[in-house]
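Remarks on the structure that follows.
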Amino acid sequence: MRFIDFACIHMIWRRDIIRYFRERSQVYGSISRPVLWLFIFGMGLRGYGRVGDVNYTQFIFPGIIAMTSIFTSIQSAISIIWDREFGFLKEILVAPVPRTSIVIGKGLAGTTLSLIQGAIILLLAPLVHVRLPLANIVPLVLVMALLSFALTGIGIVIAARMTSFQGFGTIMNFLIMPMWFMSGALFPVERLPWWLSTLVRVNPLTYGVDLIRRLVLGFGYYPALLDIGFLAGFCCLTTALAVFFFNRGEY
Amino acid sequence: MTPDPQLRSVGVAGTIPAIEVDGLVKEFKGFRAVDGISFRVQPGEVFGFLGPNGAGKTTTVRMLCTLTRPSAGSARVIGHDTVREHFAVRRSVGIIFQDPSLDDRLTAEENLRFHAMIYKVPRREVRDRIGQALSWMQLEDRARDLVRNFSGGMKRRLEIARGLLHAPRVLFLDEPTLGLDPQTRSRIWQRLLALRQEQEVTLFLTTHYMDEAENCDRIAIIDHGRIAALDTPRNLKAQVRGDRVRLSTADDAAALVEVRSRFSVEPVRDTDGLVLEVADGAGFVPKVVRELSVPVRSVSVHPPTLDDVFLKLTGHEIRDSGASEHERLRTRVRRMGRAGR
């Protein structure tokens with residue numbers, strides 16, 4: 001096939017995995033953030049109410065899993081900017097490989113890393129007394145993978161458009177953080193003011209968080225099929241955009 | 001069995017030029033980085049692009065290895081058009097970029113292995129080829145070290161090893177020894193020249209070092225995006241008749257007038273004194289010392305070098321446009337690339 005080059009996908013993926021495990025501080029850093037949110041923020045607000053049958057720490061647990069996916073996948077894709085800065089991107093771009101395969105390799109790498117991180121957070125479930133049904137593990141991994149692949153796509157679009165790291169903070173503050181905050185990860189999406197409710201509903205992440213919550217805690221705010229549909233559509237869209245922008249750029 | 005296209009083209013390598021360029025132009029928003037160049041490089045040749053920074057050398061290399069689209073004109077590498085058949089071109093060339101392009105968080109071996117993967121080096125051959133490439137560039141004992149701990153010269157050698165891993169027919173080297181110390185430079189050149197002895201590979205390199213250009217079979221002198229001359233180093237030097245005599249006197253202005261009238265040569269004056277082109281430099285020295293009324297401080301005689309050729313052809317020294325123009329061009333081009341996206 002013209003766009004699928006398995007050797008290339010494998011190479012891009014493997015390189016990211018090797019680099020991830022070689023950079024220990026990155027591993028610790030990406031685990032410490034969710035732990036802080038879960039135990040400090042979650043515990044801090046725990047005394048101020050329950051959501052349905054669960055306490056606040058339990059309520060945000062699925063949101064923290066989603067957060068791990070968001071940050072890990074975006075960060076993984078953003079490494080393209082580093083590769084451009086340090087020259088390695090040229091080595092890949094001048095090789096006889098389709099750029100679409102590079103995008104797919106990056107997407108799979110981001111997904112894998114995000115699943116590894118997510119799995120570590122899942123191991124914390126007993127600490128907040130969340131009992132995850134074993135039968136839900138496989139669907140949960142699939143949902144997390146879909147969400148991560150979609151988000152890596154966003155990261156690739158950002159990396160293809162941004163030529164330096166100067167804009168990175170802006171992207172984080174104006175795109176990634178708001179998306180996470182408005183996904184229902186930290187609060188129930190009922191009884192919100194109309195404007196916030198609208199923002200939550202148009203945010204594709206909302207449906208990912210909802211689906212994860214359904215699988216982890218057993219309840220959600222939207223029908224599962226709607227969640228799956230939105231998530232799948234979102235994933236197709238960001239992948240298409242990533243392929244488009246990455247193919248278009250001249251480096 | 002279907003014939004391997006690679007093998008087929010090897011069979012006719014003698015007839016197809018390694019590189020064929022016709023009227024190649026690259027424009028960046030009205031600024032012509034490459035301004036209509038044409039040339040041919042024969043298989044097995046060591047061909048050099050010599051010119052100051054910002055002359056259009058890197059842009060040419062980028063077009064030849066399909067990273068940049070030409071604005072006009074065409075280029076073929078091993079008979080493949082660089083625009084229409086860019087995959088075929090990429091498969092048959094190796095590139096050593098001017099700026100580093102290694103992953104320094106990986107080991108030398110990993111860098112090579114990943115290269116072998118994306119260039120489809122047959123799996124059984126990968127290990128042998130990596131070993132060969134590393135020993136070729138005398139890096140075999142550093143195979144498992146992270147590249148970030150390598151010196152500049154070692155990184156360069158590793159890049160050359162990587163560029164050769166998939167047995168390319170043409171190896172592009174963009175300023176291969178830029179910023180390296182003389183010892184490392186000569187070591188790299190020793191390896192490159194040995195390479196062309198033992199393997200059938202065409203080398204296309206750009207440089208602004210004159211001594212490096214001397215290693216080439218043929219040189220194209222490029223300035224402001226145009227080829228000013230193209231010939232063997234020997235023939236180019238033959239264009240400068242006789243020797244260059246550098247003269248320093250107590251009063252250079254007076255000496256200039258006197259030399260002009262007495263010896264009917266046109267001296268060039270610079271900050272260090274006068275430079276004259278004369279047929280017999282050694283015989284000229286006693287005459288000029290004896291006959292000038294201005295006291296002579298020093299005289300030296302030089303056989304012609306490529307520096308002189310460059311000066312004669314372009315009217316300026318290769319280095320006087322220096323790093324500043326280079327930087328200006330690069331930032332300019334980068335900014336344009338960004339704006340265009």
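Bear in mind that the values in this text are calculations on the coordinates, not laboratory data. This is a predicted model, so every value here is computed, not measured. A quick note on method: Cβ atoms are made from the backbone with ideal geometry, for glycine too, and the neighbour counts reach across all protein chains shown.
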>> My understanding is that a pair violates if its Cα-Cα distance is over 28 Å; which of A:Lys90/B:Lys57; A:Lys90/B:Lys237; B:Lys26/B:Lys237; A:Lys90/B:Lys312; B:Lys26/B:Lys120 do that in this structure?
In response: A:Lys90/B:Lys237; B:Lys26/B:Lys237; A:Lys90/B:Lys312; B:Lys26/B:Lys120
>> Give the residue list of trypsin sites (Lys or Arg not before Pro) in region A:115-220 that are DSSP loop and have at most 12 other beta-carbon atoms within 10 angstrom.
In response: A:Arg131, A:Arg191
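With r as the distance between the Cβ atoms of A:Ala125 and A:Phe3 and R0 = 56 Å, compute the FRET efficiency 1/(1 + (r/R0)^6) and round to 0.05.
The pair A:Phe3/A:Ala125 has a calculated efficiency of 0.90.
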>> As I understand it, the dipole of the protein assembly as shown uses +1 on the Cβ of Lys and Arg and -1 on the Cβ of Asp and Glu, about the Cα centre. Which of A:Leu151, B:Pro176, B:Leu67 lies farthest toward its positive end?
In response: A:Leu151
> Helix B:252-263: angle to the longest alpha-carbon principal axis of chain B, degrees 0 to 90, nearest 10?
Replying inline: 80
>> Please list the three semi-axes, largest first and in whole Å, of the ellipsoid equivalent to chain B, using sqrt of 5 times the eigenvalues of its alpha carbon gyration tensor.
In response: 43, 22, 20
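Within 10 Å of each Cβ in peptide A:95-103, how many partner chain Cβ atoms are there on average? Round it to a whole number, please.
Per residue, the number of nearby Cβ atoms from other chains is 4 on average.
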> Ranked from highest to lowest mean number of other Cβ atoms within 10 Å per residue, what is the order of the peptides B:73-79, B:38-44, B:116-122, B:256-262?
Replying inline: B:73-79, B:116-122, B:38-44, B:256-262
>> Can you say what percent of the DSSP beta bridges in chain B, counting only those with both residues inside, are antiparallel? Round to 5.
In response: 65
> What average number of partner chain Cβ atoms lie no more than 10 Å from the Cβ of the residues making up A:243-249?
Replying inline: 1
